[in-house]
Amino acid sequence: MTPNDTSRRVAHHHNPQAAAENPYLDRHRAIISRRRFDDARREMVRWPGYEPTPLVTLAGLAAELGIRTLWYKDESGRFGLSSFKALGGAYAVFRQVVEIASNRLRRPVHAADLVAGDARDTIGDITVTCATDGNHGRSVAWGARTFGCKCVVFVHEGVSGARVAAIERYGATVRRVSGTYDDSVQFAAEEARARDWIVIADTSYPGYSDIPKDVMQGYTLMADEVLRQLPAATLPTHAFVQSGVGGLAAAVCGHFWETLGPRRPRLIVVEPDRSACLLASARAGRPTKVRGRLETVMAGLACGAPSRIAWDILADGADDFITIPDRVVAPVMRLLAEGVGGDPPIVAGESAVAGLAALIRVLAQPDLAAALGLAPDSRVLVLGTEGATDPDLYERMVGRTADAVADSRMTSG
Ligand SMILES: Cc1ncc(COP(=O)(O)O)c(C=O)c1O
């Protein structure tokens, strides 16, 4: 039942700098903090359509894999946008427009004033922009529509037509740029400078960190939901978190580290083997780019350069870095769609399954499993970061439509 192709071993780097008992320092808190989380949570739980996403216990798969517990945080329903990214870009848009509206109206403005109130009219001239491989752009477009400003999104040549259509559905203008994701990031920055637009990037570079910080702080709502949903006094021993630029992994790492201290789970960063910029950075001991076309079926993870502020947390807090090849992705999507040993069927997109695929591959290599401290009593958290964000691709990879899988869940439940 599990992808048993172990012909190529998993690339692994252990970070000797990350010990659970290390304190969470002010320089980490300047990036991800409980205080800014409280502000974010207060606003975001009042946004239209907010609901915590489910934390699903996959007891059947855990038994097959020989671990005690496996939790899957299912982000496929987040704000109707099908990915955890809905939390980040939209929160950063909100933070920008709320500040502009508050200045213009000379009074504090809240989400409700922008969603339906008079403050909305004051920001109609503002344009936000971003580069995306799909999910981040959808979040920024949704944020712009929800809070009342304009939006232009740049996509690179590898982004599918279905993902472009999903962004346009929220009223954004989408422009295609040749090259990779990193090229589209640069293009968006140049256009914004020329036209006085606000760049809402999910990655930070020297001189640009405030907005990606808000994006990452938005993601911490997902990590916090997990802590509220776990059974009392039971924490995960391990968290496998898939990464593109590292913003998600750093948000989860920072939030767990500050909240749980030494009880935090061992954090394993998972990347596609063709775009493993965080593994390269960990090996080099500094932010490091990987070159090439970065092509991977895990579209959300195809990034060649780490986010600087994400790296600043992961360099101290991520315990391990590992990579997976593309060929393990579809079998894990099918595994989740079928459900193992009575587990509910789950609709998981290509980037969503990377953490779980890595866990499965590590467990197939006993020496590596031991190096990561995985044992029969391990309790593992994986983040199912997206649903079928490209429904045609999902159907081709799984052999059934996402709707059919979701229906089978209803009948099985
Ligand atoms: C579905 C999904 N999972 C994980 C990630 C990784 O997030 P980050 O780029 O912050 O590492 C992305 C990024 O776009 C994504 O779309």
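The values are calculated or read from the model by the stated rules, or taken from the named source; none is laboratory data. Worth saying up front: this structure is predicted, and the values here are computed from it rather than measured. With ideal geometry, Cβ positions are generated from the backbone for all residues, glycine too; neighbour counts draw on all protein chains shown. In case anyone asks, the SASA skips ligands and DNA or RNA and just uses the protein heavy atoms, side chains included. Shrake-Rupley method; radii C 1.70, N 1.55, O 1.52, S 1.80 Å.
Looking only at residues of region 280-311 that are among the small types (Gly, Ala, Ser) and modelled with pLDDT under 95, we find that the one that is surrounded by the fewest Cβ atoms within 10 Å (Cβ to Cβ) is Gly292.
The number of residues in region 381-412 that are in contact with a Pro (Cβ under 6 Å, 6 or more places away or on another chain) and either within 15 Å of the ligand (Cβ to nearest atom) or in a loop (DSSP other than H, G, I, E, B) (or both) comes to 2.
Do we have Ser378 as away from the ligand (no atom under 12 Å from the Cβ) and polar (S, T, N, Q) here? Here the answer is yes, as Ser378 does meet what is asked. Restricting the search to region 36-71, which residues are at pLDDT 95 or above and of a type in the set (Phe, Trp, Tyr)? If the condition is that a residue be at pLDDT 95 or above and of a type in the set (Phe, Trp, Tyr), then Phe37, Tyr50, Trp71 are the ones that fit. Checking each residue in region 298-343 for being part of a loop (DSSP other than H, G, I, E, B) and away from the ligand (no atom under 13 Å from the Cβ) picks out Asp319, Pro325, Gly339, Val340, Gly341, Gly342, Asp343. Consider region 117-158. How many of its residues are within 16 Å of the ligand (Cβ to nearest atom) and under 23 Å from Gly49 (Cβ atoms)? Adding up the residues that qualify gives 13.
Looking only at region 52-63, decide whether some residue is within 16 Å of the ligand (Cβ to nearest atom) and open to solvent by less than 10 Å² (accessible area, probe 1.4 Å). There is at least one residue in region 52-63 that is within 16 Å of the ligand (Cβ to nearest atom) and open to solvent by less than 10 Å² (accessible area, probe 1.4 Å).
Residue by residue, here is whether (1) under 24 Å from Gly88 (Cα atoms); (2) under 12 Å from the mean Cα position of the chain (by Cα); (3) outside the structural domain of Arg29 (by TED's automatic domain parsing) holds:
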residue	(1), (2), (3)
Arg266	yes, no, no
Val269	yes, yes, no
Asp273	no, no, no
Ala282	no, no, no
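Residue-by-condition table, conditions (1) touching a helix residue (DSSP H, G or I) at 6+ places or on another chain (Cβ under 8 Å); (2) assigned by TED's automatic domain parsing to the domain that holds Gly300; (3) buried (at least 24 other Cβ atoms within 10 Å of the Cβ):
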position	(1), (2), (3)
Glu338	no, yes, no
Ala352	yes, yes, yes
Ala364	no, yes, no
Leu374	yes, yes, no
